[in-house]
Amino acid sequence: MEAILEVEHLEKKYGDLIAVNSISFKVNKGEIFGFLGPNGAGKTTTIKMMSGLLKPDKGNVIINGENKLKSIGVCPQNIVVWENLTCHEQLVFMGQMYNIPAAEAKKRSKELLEALGLSDKKDKLAKTLSGGMLRRLNIALALIHSPVIVFLDEPQAGLDPQSRVLVRDYIRSIKHTTTVILSTHDMEEAEKLSDRVCIIDKGNILALGTTEALKKANHSDTPFKSLEDVFINMTGRSLRE
Ligand SMILES: Nc1ncnc2c1ncn2[C@@H]1O[C@H](COP(=O)(O)OP(=O)(O)O)[C@@H](O)[C@H]1O
Ligand SMILES: [Mg+2]
């Protein structure tokens, strides 16, 4: 297996709070890597450091064997769109920021709008879209330049079941060209989509492996029934942020 992303002893503190505590892992090329944890676990902080939006206090992020961050796309947890541009306009604009020729960006925009169920909203201003549509547009924006790695931070938050299935199918469909790091606390989605999952809590990695392997790794003889059982067993029942 070829690692496309390596994280080595990554660490981030906010004042006295250790948000990410010296974590290390590798993501393989073409993998859907589920990054799971309760609220406040450190998922977004780690994604920001992996994608170059936040400088780590310590540690390294190595992408594709290089130490520079390129060919990556990010779909942030908090939706970021240009309210006063249409869906198509902002996708083309974003594409041009990545130096994609206009004709190609237009073609790619149409493909993405189609794939994410937004074709009929192509010429609508973003500010007129529903929350679920904005979320799908946010995903499209992360993928306009056909990145080799895409970081999706809770991409399914706030989606209705129809949209969730569409986004799930779309994420699966890009897997052969794009490595996906998917942060979520939705165990069902994680189990359906991920080749491997990494469970983090309080900035530490608690488990990493295939869902099947994690379910079997119960201390008693009976395997866990679901990924949710594994998750609750590892992260406990106390309420979070
Ligand atoms: N900018 C910030 N300043 C201070 N604390 C922060 C900041 N961002 C996140 N935190 C804290 O760091 C911890 C990890 O947050 P985050 O990475 O957003 O977790 P997750 O994405 O898993 O919910 C939480 O306790 C959160 O409150
Ligand atoms: Mg988060």
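Of note:
- Proximity of backbone amide H atoms, modeled 1.01 Å from N, is registered between I200 and L36, G37, L206 at under 5 Å, excluding neighbours fewer than 5 places apart on the same chain.
- Debye-sum result for region 80-206 in log10 I(q)/I(0), which assumes one identical scatterer on each alpha carbon, at q = 0.20, 0.22 Å⁻¹: -1.15, -1.33
- Amide H contacts of L5 (H built 1.01 Å from N, in plane; Pro and chain starts excluded): V27, N64 sit under 5 Å, all sequence-distant by 5 or more or on other chains.
- For region 81-146, lysine pairs with C-alpha atoms less than 16 angstrom apart, excluding pairs fewer than eight positions apart on the same chain, total 8.
- The share of Cα pairs per 5 Å bin across the chain, counted from zero up to the longest distance, runs 1, 6, 14, 17, 19, 16, 12, 8, 4, 1, 1, 0 percent.
- For T179, residues with placed amide H under 5 Å, excluding near neighbours: G30, I149, V150
- Selected from K58, K175, K225 as most flexible by GNM, with the chain as the system and alpha-carbon contacts under 10 Å: K225
- For the chain, DSSP calls about 55 percent of its internal beta bridges antiparallel.
- Computed from backbone phi, the HN-Hα couplings of region 197-214 come to 10, 10, 9, 10, 8, 6, x, 10, 7, 9, 7, 8, x, 6, 4, 4, 5, 5 Hz, rounded to whole numbers (Karplus: 6.51 cos²θ - 1.76 cosθ + 1.60, θ = phi - 60°; Gly and Pro given as x).
- If the segment from E83 to T222 were pulled out straight at 0.36 nm per residue, it would be longer than the present Cα-Cα gap by 44.9 nm.
- Cα gyration tensor shape for region 187-235, rounded if a/c is under 1.5, else prolate or oblate: oblate
- Taking the C-alpha atoms of region 105-157, convex hull volume expressed per residue in Å³: 78
- Distance (nanometres) between label positions extended 7 Å along Cα→Cβ at L17 and L125: 3.6
Where a number appears in this text, it was derived from the coordinates with a stated rule and is not lab data. Since the structure is predicted, the reported quantities are computational estimates derived from the model, not experimental observations. No Cβ is skipped: glycine too gets one built from the backbone with ideal geometry, and neighbour counts run over all protein chains shown.
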